[in-house]
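Below is one structure, written out as structure tokens; the observations come after it.
The values are calculated or read from the model by the stated rules, or taken from the named source; none is laboratory data. Source: prediction; values computed, not measured. Methodologically, a virtual Cβ is constructed for each residue, glycine included, from the backbone with ideal geometry; neighbour enumeration extends over all protein chains shown. These accessible areas exclude ligands, DNA and RNA; they are computed on the full protein's heavy atoms, side chains included. Shrake-Rupley method; radii C 1.70, N 1.55, O 1.52, S 1.80 Å.
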Amino acid sequence: MAREKIRIKKIDNLTARQVTFSKRRRGIIKKAGELSILCDADVALIIFSATGKLFEFSSSSMRDILGRYNLHASNINKMMGPPSPYHQQLENCNLSRLSKEVEDKTKQLRQLRGDDLEGLNLEELQRLEKSLESGLSRVSEKKGECVMSQISSLEKRGSELVDENRRLREQLVTLEMAKTMALKEAVETESATTNVSSYDSGAPLEDDFSDTSLKLGLPSWE
């Protein structure tokens with residue numbers, strides 16, 4: 001069965017987009033490492049996430065590779081000479097477009113914070129409200145996941161502490177029983193030793209019998 005072709009477009013769902021970014025980022029870093037090893041090439045890879053977080057990979061020193069790149073780019077610019085008016089105009093247009101995008105994004109960010117709302121009509125305000133509600137829902141969902149994770153971790157830790165407490169109690173009972181048995185054996189041994197000593201220190205049986213015979217007027221067996 002043929003694998004379904006994935007349409008390349010921006011993923012609307014934030015969670016799915018983050019998962020895809022994480023998977024694809026690891027994949028491209030792995031491929032860059034394989035390219036470096038298989039082809040003995042110096043590879044430098046720089047990735048910025050949508051939140052501005054930096055991820056990078058280099059087969060050797062990132063600074064050395066970037067230095068080589070800057071030197072190479074400088075040499076190319078010297079060979080090509082000054083840009084033509086057409087290219088200069090194109091760069092100016094791109095710069096103007098990027099500046100406009102930055103300005104629009106900055107304005108949207110201020111509006112999401114509740115600032116700079118003057119001039120917005122009802123439809124724009126409703127769209128902004130919907131966007132805020134969607135973002136708040138995702139934040140609440142993520143917060144709930146974190147709380148449940150912490151509760152699960154605390155319950156697991158509590159169960160471990162209960163098991164540890166029960167084990168310590170069993171060890172304490174065993175030690176108390178062993179101590180009691182040892183004390184009992186010591187008392188019994190001391191009592192038996194005392195009885196034997198008393199028996200050994202008494203008068204001989206024959207002398208007692210002779211004294212008794214004399215007192216009763218019985219003939220002596222000597």
- Message: Placing +1 on the Cβ of each Lys and Arg and -1 on the Cβ of each Asp and Glu in region 11-81, which of F48, A32, Y69 has its Cα farthest towards the positive end of the resulting dipole?
- Response: F48
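Let me know the volume per residue of the alpha-carbon convex hull for region 11-81, in Å³.
So the per-residue hull volume is 129 Å³.
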- Message: Please list, ordered by chain and number, the residues whose modelled amide H lies under 5 Å from the amide H of V43; skip anything fewer than 5 residues away on the same chain.
- Response: S59, S60
- Quick one: how many Å² of F57 are accessible to a 1.4 Å probe, rounded to 10? 50
- Task: With all protein chains present, calculate the accessible area of I151 using a 1.4 Å probe and round the result to the nearest 10 Å².
- Result: 70
